[in-house]
Amino acid sequence: MLDGDHMGIAPIKHYGVKEQLAAADELEVKLQELDLCGYTVMHSGFSEAVLSDLRERLERLLSEQEMQFGGYETLKRINEGDTLRAPLIWDEAFLNVAVQVQLIDLCRRALGDYFIINQQNGVRNPPVSGGHHQTRYHRDLPYQHFVSSRPLALNALLCLDPFTAENGATRVLPGSHKIEYFPDDRVVRSLEVATNVPAGAYLILNSMIFHCAGVNRTEGPRRAINTVFTVPIIKQQIALPPNLEGRYANDPWLRRLLGFEVDPPRSLEAWFESRKSRKD
């Protein structure tokens with residue numbers, strides 16, 4: 001069990017406290033921050049060379065997506081400009097972003113032993129002249145106006161560029177994952193926080209926290225890879241198993257993580273066949 005000295009801070013004095021939940025390790029500290037505030041920051045350990053490579057891959061796939069689906073302006077009109085859908089389908093480098101060891105450990109402790117990748121999107125917040133549609137406050141479990149005693153979903157944004165107030169860093173309303181309503185505008189402006197995250201770190205959100213993209217007032221893009229992990233009862237944004245065309249299906253752990261085991265049977269025959277392999 002870690003005390004204040006082990007964590008690099010002097011022990012905090014208090015009185016009238018019946019119980020303190022001491023963190024057993026640094027990951028437990030992140031989990032407590034996530035529980036209390038609805039967000040935390042965790043370093044990935046990825047080198048600048050890896051981040052540079054991911055930035056190049058993101059830009060290339062965004063260009064390919066634009067060519068395939070009618071061009072940038074067409075996609076922007078339907079709020080799809082600057083968003084790369086399901087990059088892990090096209091490039092294994094993006095799957096590596098989602099399966100970083102500490103990230104998976106945090107998800108396991110927060111969501112339980114069984115969770116899936118619900119979605120993954122590459123996000124580019126362009127300079128102010130372009131703007132981004134996600135500057136509006138929202139939750140990433142949209143229209144779910146209830147709260148739960150435990151997280152149902154986590155966002156893990158790998159920051160490919162530093163997140164700053166100037167370049168449109170994600171803004172969060174701390175603690176709002178615990179309330180059903182969206183607060184009065186004056187409360188939001190008083191309490192909102194512009195996150196400050198170095199390149200190569202994950203910004204991790206409880207998906208029920210109210211958040212939005214800031215306005216990018218710099219001359220360059222602010223980019224991230226956003227992977228959303230959920231309990232398996234929530235359907236994937238885009239069905240990953242059929243799009244992966246059998247890749248990873250023979251790896252038991254990846255098969256489960258990517259949602260192969262929650263892909264619904266397409267027929268009665270498939271349903272009864274699936275029952276034969278059940279262990280309970």
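All of the numbers you see were taken from the coordinates with simple rules; none came from a lab. Note that this is a predicted model, so its numbers are computed, not measured. Methodologically, a virtual Cβ is constructed for each residue, glycine included, from the backbone with ideal geometry; neighbour enumeration extends over all protein chains shown.
Figures for the structure shown
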read-out: Residue check, Glu192 over 19 Å from Ala98 (Cβ atoms), over 23 Å from the mean Cα position of the chain (by Cα) and acidic (Asp, Glu); value: no
read-out: Filter result for the condition that a residue is more than 29 Å from Gly38 (Cα to Cα), touching a helix residue (DSSP H, G or I) at 6+ places or on another chain (Cβ under 7 Å) and among the small types (Gly, Ala, Ser), over Ala213, Ala249; value: Ala249
